[in-house]
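Heads up: the structure comes next, in structure tokens.
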Amino acid sequence: MTLRELLKLINNKQDIEYIVSFFAMHLNDSSNDHVLRHIKDDKAYQRISSMIDELLSLDVKVNDSRLCTERSIDDFYGKGEEYYFDSYIMEKDDDSHYSLDFIDWREVIDSKIDEHSLFKYGYLDVATSIMWELSFLGLI
């Protein structure tokens, strides 16, 4: 399954509301950026929905990259250990992985998603983590 195919699966009201709640919760806990903290849910919903629409509108660009998501534990901001998801991209036949925040969305949208990530964490958490990484520089 590619990211494009996954986004088509989760492009519905209930799943988008889940993504909005994740973004709001994470920013409220960790960000000095007050942008999303004060946005009403309907506006945040529209922004996430628009991000999905924009990603789905990109031209098809078949590639050999693979998107992976894994759950890790860390002590962010000295508040105690907590779990978080990390999504990244790997090129074919390369063990190195790269952050998604500086990669053009056109390079990511038709990348295959690691089947183990989908099986272990589920479609919605994988999609949410990837979208978080893609928007890390402030789209939302």
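Before we move on, is S50 without any contact (Cβ under 8 Å) to a residue 40 or more places away in the chain and open to solvent by less than 70 Å² (accessible area, probe 1.4 Å)?
Numbers: without any contact (Cβ under 8 Å) to a residue 40 or more places away in the chain: yes; open to solvent by less than 70 Å² (accessible area, probe 1.4 Å): yes.
Criteria met by S50.
Scanning for something open to solvent by less than 80 Å² (accessible area, probe 1.4 Å) and either aliphatic (A, V, I, L, M) or touching a residue at least 60 places away in the same chain (Cβ under 8 Å) (or both), does region 63-81 turn up at least one residue? Taking every residue of region 63-81 in turn, at least one turns out to be open to solvent by less than 80 Å² (accessible area, probe 1.4 Å) and either aliphatic (A, V, I, L, M) or touching a residue at least 60 places away in the same chain (Cβ under 8 Å) (or both).
Going by the structure shown, is D59 open to solvent by 80 Å² or more (accessible area, probe 1.4 Å), in contact with a helix residue (DSSP H, G or I) (Cβ under 8 Å, 6 or more places away or on another chain), modelled with pLDDT of 95 or more and not in a strand (DSSP E or B)? Can you show your working first?
Details: open to solvent by 80 Å² or more (accessible area, probe 1.4 Å): yes; in contact with a helix residue (DSSP H, G or I) (Cβ under 8 Å, 6 or more places away or on another chain): yes; modelled with pLDDT of 95 or more: yes; not in a strand (DSSP E or B): yes.
Yes.
Quick grid of which residues meet (1) part of a helix (DSSP H, G or I); (2) modelled with pLDDT of 85 or more; (3) within 18 Å of the chain's Cα centre (by Cα):
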position	(1), (2), (3)
E5	yes, yes, yes
D15	yes, yes, yes
L36	no, no, yes
I39	no, no, no
A44	yes, no, yes
S49	yes, yes, yes
S72	no, yes, yes
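When region 87-115 is limited to residues that are in contact (Cβ under 8 Å) with a residue 40 or more places away in the chain and in contact with a strand residue (DSSP E or B) (Cβ under 6 Å, 6 or more places away or on another chain), the one that is most open to solvent (accessible area, probe 1.4 Å) turns out to be K112.
The values are calculated or read from the model by the stated rules, or taken from the named source; none is laboratory data. Keep in mind that what you see is a predicted model, and the values were worked out from it rather than measured. No Cβ is skipped: glycine too gets one built from the backbone with ideal geometry, and neighbour counts run over all protein chains shown. Just the protein is used for accessible areas: all its heavy atoms, side chains included, with ligands, DNA and RNA removed. Shrake-Rupley method; radii C 1.70, N 1.55, O 1.52, S 1.80 Å.
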